[in-house]
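J.: What follows is a structure written as structure tokens; I'll ask about it next.
The values are calculated or read from the model by the stated rules, or taken from the named source; none is laboratory data. All values derive from a computational prediction rather than experimental measurement. Glycine gets a Cβ as well: all are built from the backbone with ideal geometry, and neighbour counts include every protein chain shown.
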Amino acid sequence: MLADYAVRVEQSRGRRYPEPPHPYRNDFQRDRDRVVHSRAFRRLEAKTQVFTRGYSDHFRNRLTHTLEVAQIARTVAVQLGLNEDLVEALALVHDVGHPPFGHAGEKALDAAMRDHGLSFDHNLHALRIVEDFELRYAAFRGLNLTFEVREGIIKHSHDYDAREFPELSEYLLDSKPPLEAQLIDLADEIAYTAADLDDGFESHLIDLEEIRQGVSGFDKFYEEAEKKWPDAIDKLKFNEALKRLLNGFVTDLIENTKANVNAAKVNGVEDVRKWPIRLVSFSPAVEEQRRRAKSFLYEKLYYSPVLDADKRDGERVIKDLFEFWMTTPESLPASYQEKAEDESLPRVICDYIAGMTNTYIFDQHQKYCGRALTAEKAGSAEKK
């Protein structure tokens, strides 16, 4: 049963290109399926979450992270009476605009674009992907997703100023997104906080004592696990504590959002849109706990010297290739050369690079730039 404030698929604002209804899937279910079958979604398997390459087959990549976000978001959606189909579609599409090499890649691509008076934003790039780049249908370009999914792609984690982004005016930039879209950002935060603690511990870049001391609430859960399973190995006790930490975040998100909705007395989606702040949120205490965990991860994992070589390599690969294609655009694939006749060359190069997987961009760098990378040298030396 959907809550009064949930988005109803029968009230969708529809697709850019009208299509007949499907006999046994509603429009949000079809959007979800179109995302899953897209090339951009498949490429997430070979894009960085935190660890770039050569560490472990068990560490998260951008695809497995996306699946974890979808699982958490669906769980919360059901408890809040939200439209689970819309939530799942938004969770699965929320990261398709990320370039290779994670946030280091996004930083490098944005820097390259700013040299030409432009910028790169992975949410806006995701919209370009589903609107134009995906070619699966004879009747139209892109995936022809519903308005609600396209709106959620750009608004789930960021509020864009209508004066600064007039090209996005159709997406109601002066109002908040529905709760289904608001939920995705915090499901994302929960997923990567838990996952990165797990991968950081497994990689030995963060030790157990650091996590027990630096992550609020974790030590209490670990002590409970020690009392219940004193003979278990540390990793299993770690797993039990991390599971409880994740569960605490999810439970608080559900309960606090319910309290926010009740206090705001929203009766429908338009009430949610008109509310001055986002209603999906953690309680102040848990929000502070999340912030501290995020700061801990930045200090101990994301800025770890061990990962610096990979980040520098990724940034240099993007910089090298961007500069190469700016001076040698005839080396771009024919389809991108054609796009450059209608769009600026920097934007076309940005689109091309952003769609690449880690493996493919390394191949392109070797082909056109031919320079050895520090991480490759270090990896070879370590194996020897």
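J.: For the stretch 275-283, state whether one or more residues are assigned to a helix (DSSP H, G or I) and either modelled with pLDDT of 95 or more or surrounded by fewer than 16 Cβ atoms within 10 Å (Cβ to Cβ) (or both).
T.: no
J.: Please list, ordered by first then second residue, the pairs with beta carbon atoms under 7 Å, 6 or more apart or interchain, first in the stretch 302-315 and among the hydrophobic types (A, V, I, L, M, F, W, C), second in a helix (DSSP H, G or I).
T.: Ala309/Thr374; Ala309/Ala375; Ala309/Ala378
J.: Pull out all pairs, ordered by first then second residue, where Cβ-Cβ is under 8 Å, the residues are six or more apart or on different chains, the first lies in the stretch 12-31 and is modelled with pLDDT of 95 or more and exposed (fewer than 14 other Cβ atoms within 10 Å of the Cβ), and the second is of a type in the set (Phe, Trp, Tyr) and in a loop (DSSP other than H, G, I, E, B).
T.: Once the first residue is modelled with pLDDT of 95 or more and exposed (fewer than 14 other Cβ atoms within 10 Å of the Cβ) and sits in the stretch 12-31, its partners that are of a type in the set (Phe, Trp, Tyr) and in a loop (DSSP other than H, G, I, E, B) give Tyr17/Phe140.
J.: Mind listing just one residue for me: the one in the stretch 346-368 that is more than 18 Å from Lys311 (Cα to Cα) and surrounded by fewer than 18 Cβ atoms within 10 Å (Cβ to Cβ) and, of those, modelled with the highest pLDDT?
T.: Among residues in the stretch 346-368 that are more than 18 Å from Lys311 (Cα to Cα) and surrounded by fewer than 18 Cβ atoms within 10 Å (Cβ to Cβ), the one modelled with the highest pLDDT is Arg347.
J.: Could you look through the stretch 167-191, keep only residues that are of a type in the set (Ser, Thr, Tyr) and modelled with pLDDT of 95 or more, and pick out the one that is surrounded by the most Cβ atoms within 10 Å (Cβ to Cβ)?
T.: Once the filter is applied, the top-ranked residue is Tyr171.
J.: Right, next: Being crowded, with 20+ Cβ neighbours inside 10 Å, over 30 Å from Thr251 (Cα atoms) and modelled with pLDDT under 95 narrows it down to one of Gly142, Gly105, so name that one.
T.: Selected residue: Gly105, the only one of Gly142, Gly105 that is crowded, with 20+ Cβ neighbours inside 10 Å, over 30 Å from Thr251 (Cα atoms) and modelled with pLDDT under 95.
J.: Within the stretch 284-320, which residues are at pLDDT below 95, of a type in the set (Ser, Thr, Tyr) and assigned to a helix (DSSP H, G or I)?
T.: Of everything in the stretch 284-320, those that are at pLDDT below 95, of a type in the set (Ser, Thr, Tyr) and assigned to a helix (DSSP H, G or I) turn out to be Tyr298, Tyr302.
J.: Return the only residue of Glu323, Glu330, Glu376, Glu343 being at pLDDT below 90 and more than 21 Å from Asp196 (Cβ to Cβ).
T.: Testing whether each residue is at pLDDT below 90 and more than 21 Å from Asp196 (Cβ to Cβ) leaves just Glu376.
J.: Okay, moving on. Among the residues of the stretch 47-60, is any outside any loop (DSSP other than H, G, I, E, B) and surrounded by fewer than 23 Cβ atoms within 10 Å (Cβ to Cβ)?
T.: So far as the stretch 47-60 goes, no, none of its residues is outside any loop (DSSP other than H, G, I, E, B) and surrounded by fewer than 23 Cβ atoms within 10 Å (Cβ to Cβ).
J.: Let me ask you something else. Being surrounded by fewer than 19 Cβ atoms within 10 Å (Cβ to Cβ), under 25 Å from the mean Cα position of the chain (by Cα) and acidic (Asp, Glu): is that true of Glu255 here?
T.: Yes, satisfied.
J.: Oh, and also: Name every residue in the stretch 155-166 that is in a helix (DSSP H, G or I) and surrounded by fewer than 23 Cβ atoms within 10 Å (Cβ to Cβ), in order of residue number.
T.: Pro166
J.: While we're looking at this one, here's another question. Restricting to the stretch 88-113, name every residue that is under 10 Å from the mean Cα position of the chain (by Cα) and on the phi > 0 side of the Ramachandran plot.
T.: Gly102
J.: I'm checking my understanding of the structure. Among residues of the stretch 284-301 that are without any contact (Cβ under 8 Å) to a residue 60 or more places away in the chain and aliphatic (A, V, I, L, M), which one is surrounded by the fewest Cβ atoms within 10 Å (Cβ to Cβ)?
T.: Among them, the one singled out is Ala285.
J.: Give the stretch 326-350 a look and list any residue that's of a type in the set (D, E, K, R) and under 20 Å from Pro99 (Cα atoms), or say none.
T.: Lys339, Glu343, Arg347
J.: Just for the stretch 145-154: of the residues that are closer than 21 Å to Gln29 by Cβ and of a type in the set (Val, Ile, Thr), which one is surrounded by the most Cβ atoms within 10 Å (Cβ to Cβ)?
T.: Filtering the stretch 145-154 for residues that are closer than 21 Å to Gln29 by Cβ and of a type in the set (Val, Ile, Thr), the one surrounded by the most Cβ atoms within 10 Å (Cβ to Cβ) comes out as Ile153.
J.: Tally time: how many residues in the stretch 192-230 are surrounded by fewer than 19 Cβ atoms within 10 Å (Cβ to Cβ), free of Cβ contacts under 8 Å to residues at least 40 places away in the same chain and part of a helix (DSSP H, G or I)?
T.: Looking only at that region, the number is 11.
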